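Report on the structure given below.
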Amino acid sequence: MTQTAQAEGRIVCEREGPVARLVIDNPDRRNAIDLAMWRQAMALLDQLAHDDAVRVLVVAGRGETAFASGADISKFERERNTAEEVARYHEASAGAYRRLKGFPKPAVASIGGFCIGGGLALALCCDIRICAEGSRFAVPAARLGLGYDIEGQRNLTEAVGAAVAADLLFSARQVDAAEALALGLVNRVVPAAERAAIVADYAAVIAANAPMTIALAKACKLALTPSVRPDEELRLQEMVTACYASADYKEGRLAFKEKRAPVFSGR
């Protein structure tokens, strides 16, 4: 395997023939993603989307502890504190999600360990999700007082249905690999020691198939995905913005920092 590009912020692109791997490389923080990493992910996805030699994209986290544990909460004070910072962060993270969801070739999430919050949102932008036994999934936004991205909620609902999405969003509970499979969050659960090899073999199978047929299948998948009306999206985005401007968002960050349960006021 040859490494063709490495983003300074630890988003790494690796290549093996027609298969590209986008690796979230921050294992010391359970592959948490910060602002610089989102921006680098956008740039790499743009490059790979226009590379005719790439037939399949695999998205993975470095190591076995986590696919991605979501946003790097330790950097919220300097990256998502003011309204301007929240908007700048959202532009980068949403840009990465949008590029991955609209990637013109098949995208496979290879999940090991924690797949939480923004990490789960990233996995849900992939066409196929294969996880290791022992993986854990959650959307903890309600425990932090933040506004979970509209597209992320839509992708979650598409994967598991409205009722299950509501359960995961309302409760912020974690589910294990077996439940994730039953709910439709993932396509397959495999032994942890075999995950990398199984995903590599699966990606090779896709890469060997007819590119024009695969391109048509991906284009149809994207075209048949329902969209949010512009007026409704504006209203929802205002609600997202209100979450980040709230006292509860400050309380959620403080409680996380102090390692205690948050006390929310609804303001």
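The values are calculated or read from the model by the stated rules, or taken from the named source; none is laboratory data. Please read all numbers here as calculations on a predicted model, not as lab measurements. In this analysis, Cβ positions are derived from the backbone assuming ideal geometry, glycine residues included, and neighbour counts consider all displayed protein chains.
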Being under 20 Å from Val199 (Cα atoms) and not aliphatic (A, V, I, L, M), is that true of even one residue in the range 83-100? no
Being within 21 Å of the chain's Cα centre (by Cα), surrounded by 14 or more Cβ atoms within 10 Å (Cβ to Cβ), within 23 Å of Pro104 (Cα to Cα) and of a type in the set (Gly, Ala, Ser): is that true of Ala180 here? no
Please determine whether any residue of the range 100-109 is modelled with pLDDT under 90 and either β-branched (Val, Ile, Thr) or within 16 Å of Ile11 (Cα to Cα) (or both). no
It is to be established whether one or more residues within the range 45-60 are assigned to a loop (DSSP other than H, G, I, E, B), under 18 Å from the mean Cα position of the chain (by Cα) and of a type outside the set (Val, Ile, Thr). no
Within the range 70-116, considering residues that are aliphatic (A, V, I, L, M) and part of a helix (DSSP H, G or I), the one nearest to Ala53 (Cα to Cα): Leu100
Could you tell me whether the range 220-228 includes any residue that is surrounded by 10 or more Cβ atoms within 10 Å (Cβ to Cβ), touching a residue at least 40 places away in the same chain (Cβ under 8 Å) and either part of a loop (DSSP other than H, G, I, E, B) or among the hydroxyl-bearing types (Ser, Thr, Tyr) (or both)? yes
Select, from Ile130, Ile198, the only residue that is among the hydrophobic types (A, V, I, L, M, F, W, C) and part of a strand (DSSP E or B). Ile130
Residue under evaluation Gly119, criteria (1) buried (at least 21 other Cβ atoms within 10 Å of the Cβ); (2) in a loop (DSSP other than H, G, I, E, B), criterion not met: (2)
For the subset of the range 149-177 comprising residues that are of a type outside the set (Asp, Glu) and touching a residue at least 60 places away in the same chain (Cβ under 8 Å), which member is surrounded by the fewest Cβ atoms within 10 Å (Cβ to Cβ)? Ile150
So how many residues does the range 240-267 have that are part of a loop (DSSP other than H, G, I, E, B) and touching a residue at least 40 places away in the same chain (Cβ under 8 Å)? 4
In the range 81-114, anything surrounded by 23 or more Cβ atoms within 10 Å (Cβ to Cβ) and either touching a His at 6+ places or on another chain (Cβ under 9 Å) or farther than 25 Å from Gln47 by Cβ (or both) is listed as Gly112, Gly113, Phe114
What tally of residues in the range 229-239 results from selecting those that are touching a residue at least 40 places away in the same chain (Cβ under 8 Å) and either outside any helix (DSSP H, G or I) or among the acidic types (Asp, Glu) (or both)? 1
